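Chemist: Okay, handing you the structure first.
The values are calculated or read from the model by the stated rules, or taken from the named source; none is laboratory data. Keep in mind that what you see is a predicted model, and the values were worked out from it rather than measured. Using ideal geometry, Cβ is built from the backbone for each residue, glycine included, and neighbour counts are taken over all protein chains shown.
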Amino acid sequence: MRPFAYEAPADAASAVALASVPASAHVTASVQYKGGGTTLIDLMKLDVMQPDTVVDITAIADEAMHRIIRTDGVLRIGSLVSMARLQADASVVRDYPLLTESLWQAASQQLRTMARLGGNVLQRTRCAYFRDTSYEQCNKRVPGSGCAALDGANRAHAVLGASDQCIATYPGDLAPALIALDARSRGAGQVRPAHCSPLPTCTACPATTPHIETSLAPGELITAFVVPGGPRRRSLYRKIRDRESYAFANASAAVALDLDGDVMRDVRIGLGGVATIPWRARRAEAALRGHRLTEASASAAAEAEFEDAPRAQP
Amino acid sequence: MQQAFIDHDAFQCGYCTSGQIMSAIACVREGHATSDEDIREYMSGNLCRCAAYPNIVAAVNQAKAEMEQG
């Protein structure tokens, strides 16, 4: 592991000041925020990420970043809340099954205890060619070098949102559930002061710039996630994986329904494990909205969503 | 917990055992050792290449009963 400077600021403004260097949100940036460190430290040991400075944000005292608050049907979750804490929050367990289930099925209890929600949403791909520096080609790690996964062992790679530059899968479970609920991210930075925006991992597919994984401006810090009202209680997170626990998704779906009898007045679907970003399945939603939920209508919706995805040759 | 691991032969090579025992104690103390399934889920972050998993679950169950008696 390379030497690096370690900073542990006590408030968000100081953290932002430390991290406001050009391109700070990029894989290759010289300054990186550290929450629980469960992705970053691994990647530093692997020499994939080589920051000069690590800004530990867990010492930040700003109360809003640590709290889970519910007011008027809106759920506001601080970005420094741990996965384990949100998963165990009684009111979230009762009213947001898809959030609880997405966390329960993610990682292991040790990781859920360490990992914070901001970092969880920003976690980096598990693509083996990204994580192993002995492969020279990786457009995320070395911009412009190519993509070894295209012709490699890519069973776990993305079929939605991919390009000939990168097919690395977004691996997280919580973000697909958050986007199904239309959650937004509150951020603070020098370029953009306190503001609310779509989840920063959800805006850009890696068409030509796979090393730019978020829409965060330099130094921008996620302070909270805000979940507006909408269907939530009738919801679930279904995850298919190679092991029953402690494994990333081969495919997952976060689904929230508003039913009138057996007709879907509203339907929200977030997909994980199959796309380069947390994927809102809007084509599938449009195919289902106003219809009865049957195996046939669900299959047709899936076909619509995956219409442009590459197919296995028979 | 250490005695329960010995009683149930919950390891072969012993490489993972100290970590298994730490996680097992936390699993019981945090109230998650309520069923074999829960024990398996909460212990899943600790891999055992000798695959002593059934014995580990048995050890956690035994230790849980004894820890709760104080």
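Chemist: Which condition number does A:Ile179 fail, the rest of (1) in a loop (DSSP other than H, G, I, E, B); (2) of a type in the set (A, V, I, L, M); (3) within 30 Å of A:Gly78 (Cα to Cα); (4) away from chain B (no Cβ under 14 Å) being met?
Modeler: Of the numbered conditions (1) in a loop (DSSP other than H, G, I, E, B); (2) of a type in the set (A, V, I, L, M); (3) within 30 Å of A:Gly78 (Cα to Cα); (4) away from chain B (no Cβ under 14 Å), the odd one out for A:Ile179 is (1).
Chemist: Would you check if A:Val255 is away from chain B (no Cβ under 14 Å), β-branched (Val, Ile, Thr), crowded, with 22+ Cβ neighbours inside 10 Å and over 30 Å from A:Val54 (Cα atoms)?
Modeler: Yes: the conditions hold for A:Val255.
Chemist: Within the set of pairs 6 or more residues apart or between chains, which connect a residue that is more than 11 Å from chain A (Cβ to nearest Cβ) inside the stretch B:18-32 to a residue that is β-branched (Val, Ile, Thr) with Cβ atoms less than 8 Å apart?
Modeler: Listed pairs, sorted by first residue: B:Gln20/B:Ile56; B:Ala24/B:Ile56; B:Ala24/B:Val60; B:Val28/B:Val60.
Chemist: Collect the residues in the stretch B:31-57 that are closer than 24 Å to A:Trp104 by Cβ and assigned to a helix (DSSP H, G or I), keeping them in residue-number order.
Modeler: Across the stretch B:31-57, the qualifying residues are B:Asp36, B:Glu37, B:Asp38, B:Ile39, B:Arg40, B:Glu41, B:Tyr42, B:Tyr53, B:Pro54, B:Ile56, B:Val57.
Chemist: Would you check if A:Gln137 is within 24 Å of B:Glu41 (Cβ to Cβ) and without any contact (Cβ under 8 Å) to a residue 12 or more places away in the chain?
Modeler: No: the conditions fail for A:Gln137.
Chemist: If the Cβ limit is 6 Å and pairs must be 6+ apart or interchain, which residue in the stretch A:97-116 that is within 17 Å of B:Ile39 (Cβ to Cβ) pairs with which residue that is of a type in the set (A, V, I, L, M)?
Modeler: Final answer for the pair search is A:Arg112/A:Met83; A:Arg112/A:Ala84; A:Thr113/A:Ala84.
Chemist: Going through A:Asp62, A:Asp52, A:Asp95 one at a time, which residue ends up being farther than 18 Å from B:Glu30 by Cα, surrounded by fewer than 16 Cβ atoms within 10 Å (Cβ to Cβ) and acidic (Asp, Glu)?
Modeler: A:Asp52
Conditions tested, residue by residue: (1) within 22 Å of A:Thr113 (Cβ to Cβ); (2) of a type in the set (Lys, Arg); (3) within 9 Å of the chain's Cα centre (by Cα).
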site	(1), (2), (3)
B:Met1	yes, no, yes
B:His8	no, no, no
B:Ser23	yes, no, yes
B:Cys27	yes, no, yes
B:His32	yes, no, no
B:Glu41	yes, no, no
B:Ala58	no, no, yes
B:Met67	yes, no, no
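Chemist: Taking the stretch B:33-59 on its own, how many of its residues are of a type in the set (A, V, I, L, M, F, W, C), within 14 Å of chain A (Cβ to nearest Cβ) and buried (at least 16 other Cβ atoms within 10 Å of the Cβ)?
Modeler: 6
Chemist: Only one of (1) surrounded by fewer than 20 Cβ atoms within 10 Å (Cβ to Cβ); (2) within 17 Å of A:Asn120 (Cβ to Cβ) fails for A:Ala10. Which number is that?
Modeler: Here A:Ala10 clears every test but (2).
Chemist: In the list A:Gly229, A:Gly219, which residue meets the criterion of being over 19 Å from A:Asn120 (Cβ atoms), modelled with pLDDT of 90 or more and either within 14 Å of chain B (Cβ to nearest Cβ) or in contact with a Gly (Cβ under 6 Å, 6 or more places away or on another chain) (or both)?
Modeler: Criteria check complete, one pass: A:Gly229.
Chemist: Report, by residue number, each residue of the stretch A:3-19 that is touching a strand residue (DSSP E or B) at 6+ places or on another chain (Cβ under 8 Å) and of a type in the set (Ser, Thr, Tyr).
Modeler: The answer is A:Tyr6, and nothing else.
Chemist: Which of the numbered conditions does B:Asp9 fail, given that it passes all the others? Conditions: (1) in a loop (DSSP other than H, G, I, E, B); (2) in contact with a Cys (Cβ under 9 Å, 6 or more places away or on another chain).
Modeler: It fails just one condition, (2).
Chemist: Working carefully through the options A:Ser108, A:Ser102, find the one that is crowded, with 23+ Cβ neighbours inside 10 Å and not aromatic (Phe, Trp, Tyr).
Modeler: Only one candidate qualifies: A:Ser102.
Chemist: Between A:Pro198, A:Pro228, which is surrounded by fewer than 16 Cβ atoms within 10 Å (Cβ to Cβ), closer than 15 Å to A:Pro278 by Cβ, in contact with a strand residue (DSSP E or B) (Cβ under 7 Å, 6 or more places away or on another chain) and not basic (Lys, Arg)?
Modeler: When all the criteria are applied, what remains is A:Pro198.
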